[in-house]
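The structure appears right after this line, and notes come after that.
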């Protein structure tokens, strides 16, 4: 994936200083490859932001369920509480929460996750 990551950074001018990577390094992979702590069931990252269900969510679910009963559509799985933002306001709230509570957890385990971790959190590591 190294070539792909470098291409994306160049192509989209992300974390670049001219033609060189910001900070002089393309990645910190060597520093971010530690195994999880022995015996740990979770890496302990804070939970992600979750949307609060609103009346609109119930209305949409009601319509979808009705359409499925009527045979107009077919779904795989069951809808549950929303896990992702649906509006700009919610997306900004999720971003603020991530920056305040989860970003600082990025580090030695990089993209790691253990079976008991509720979500993969690019930021799941020891808190500085």
Exercise for review: State yes or no: is residue 118 within 15 Å of the chain's Cα centre (by Cα), outside the structural domain of residue 27 (by TED's automatic domain parsing) and farther than 22 Å from residue 42 by Cα?
Suggested key: no
Review point. Here is a list of conditions, (1) surrounded by 11 or more Cβ atoms within 10 Å (Cβ to Cβ); (2) modelled with pLDDT of 95 or more; (3) within 19 Å of the chain's Cα centre (by Cα), and residue 48 meets all of them except one; can you say which number that is?
Key: (2)
Review point. Residue 70 passes all but one of (1) more than 15 Å from the chain's Cα centre (by Cα); (2) closer than 30 Å to residue 112 by Cα; which number fails?
Key: (2)
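Would you point out which residue out of 19, 29 is surrounded by fewer than 13 Cβ atoms within 10 Å (Cβ to Cβ) and without any contact (Cβ under 8 Å) to a residue 12 or more places away in the chain?
Values: 29 fails: without any contact (Cβ under 8 Å) to a residue 12 or more places away in the chain.
Exactly one residue qualifies, and that residue is 19.
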Check your understanding: If residue 65 passes every condition in (1) in a loop (DSSP other than H, G, I, E, B); (2) over 16 Å from the mean Cα position of the chain (by Cα); (3) more than 30 Å from residue 3 (Cβ to Cβ) but one, which one does it miss?
Key -> (1)
Check your understanding: For the subset of segment 99-125 comprising residues that are closer than 11 Å to residue 36 by Cα and surrounded by 15 or more Cβ atoms within 10 Å (Cβ to Cβ), which member is modelled with the highest pLDDT?
Key -> 113
**Study point:** Lone qualifier among 53, 70 - being in contact (Cβ under 8 Å) with a residue 12 or more places away in the chain, loosely packed, with under 13 Cβ neighbours inside 10 Å, outside the structural domain of residue 4 (by TED's automatic domain parsing) and more than 27 Å from residue 9 (Cα to Cα)
**Key:** 53
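Before we move on, is residue 86 part of a helix (DSSP H, G or I) and farther than 23 Å from residue 32 by Cα? It would help to see each step written out before you state the result.
Details: part of a helix (DSSP H, G or I): no; farther than 23 Å from residue 32 by Cα: yes.
Criteria not met by residue 86.
The values are calculated or read from the model by the stated rules, or taken from the named source; none is laboratory data. It should be emphasised that the depicted structure is a prediction, and the values quoted were computed from it without experimental measurement. Backbone-built Cβ (ideal geometry, glycine too); neighbour counts: all protein chains shown.
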